[in-house]
1. Between Val56 and Leu36, take the C-beta separation as r, use R0 = 22 Å, and let me know the FRET efficiency to the nearest 0.05.
2. Quickly rank 95-103, 55-63 as a protection proxy: mean count of other C-beta atoms within 10 Å, highest first.
3. Multiply the residue separation of Leu149 and Arg168 by 0.36 nm, subtract the distance between their alpha-carbon atoms, and state the gained length in nm to one decimal.
4. For the range 32-175, calculate the relative contact order in percent as a whole number, restricting contacts to Cα pairs under 8 Å that are 6 or more residues apart.
5. Would you mind checking the tilt of helix 48-71 against the longest principal axis of the Cα atoms of the chain, expressed as 0 to 90 degrees and rounded to 10?
6. Out of these labelled values of Cα extents along the principal axes in Å, (i) 44, 35, 25; (ii) 47, 36, 30; (iii) 52, 41, 30, which was calculated from the coordinates shown here?
7. Within the chain, which is the longest segment that contains none of the trypsin sites (Lys or Arg not before Pro) sitting in a DSSP loop with at most 14 other Cβ atoms within 10 Å?
Amino acid sequence: MFVKLFNYLSYYAGWLACVYGAAHGISEVGVGVVGLLLLIHFVLTHTLREEILMIVAIGILGTLVDSLQAASGLLVYQSRYAFAPWLGPIWITAIWVLFASTINWSFGWLKGRTWLAAVLGAIGGPVSYAAGERIGAVHYQYDFAVTMLALAAIWSVVLPAFFGLAHRMTRLPQA
């Protein structure tokens, strides 16, 4: 139980560090916090190799999704570290790898619940970006309502897909 609670709280702490850092021009602080939290996560996991492979895969795919959102003009990220104009910043990748670390632990109960993951993605995705926009880490190119509807559509597909991928790549941990 402690591991799942720690995992849940560490995701939100890491998310906040990344978003706040990006908004204030110190994204390396958020990336460092995520690195530390991932090291702790890896010490606590019983399926280290599977967990690392799944986290890398979802980190890459999540960064690709966010990069496509930026390339399409839907979102504009605040960052000094975009390696290419079309590529999402490193702090977005850090958030994705930290999110991936929750899939088998604090959000493991969503595995196999595709429709629930779709609904939560349609709600949680836009809420997360709206919070990031309020903090100043991301900006919208389009009207708020249009952006939220587009994000809801995207994340209602992406979240269940990532949970399905993780389910195929890993077995449930013994926490």
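Read-outs: derived from the displayed coordinates by stated rules, not from any lab. Small disclaimer: the values here were computed from a predicted structure and weren't measured. Cβ coordinates were reconstructed from backbone atoms using ideal geometry, including for glycine residues, and neighbour counts include every protein chain displayed.
1. The formula returns an efficiency of 0.80 here.
2. Taking the mean over residues of other Cβ atoms within 10 Å, the ranking is 95-103, 55-63.
3. That pair, Leu149 and Arg168, stretches by 3.9 nm at full extension.
4. 32
5. Taking Cα atoms only, the helix is inclined about 10 degrees.
6. Given (i) 44, 35, 25; (ii) 47, 36, 30; (iii) 52, 41, 30, the calculated one carries the label (i).
7. Longest run free of exposed loop sites: 1-79.
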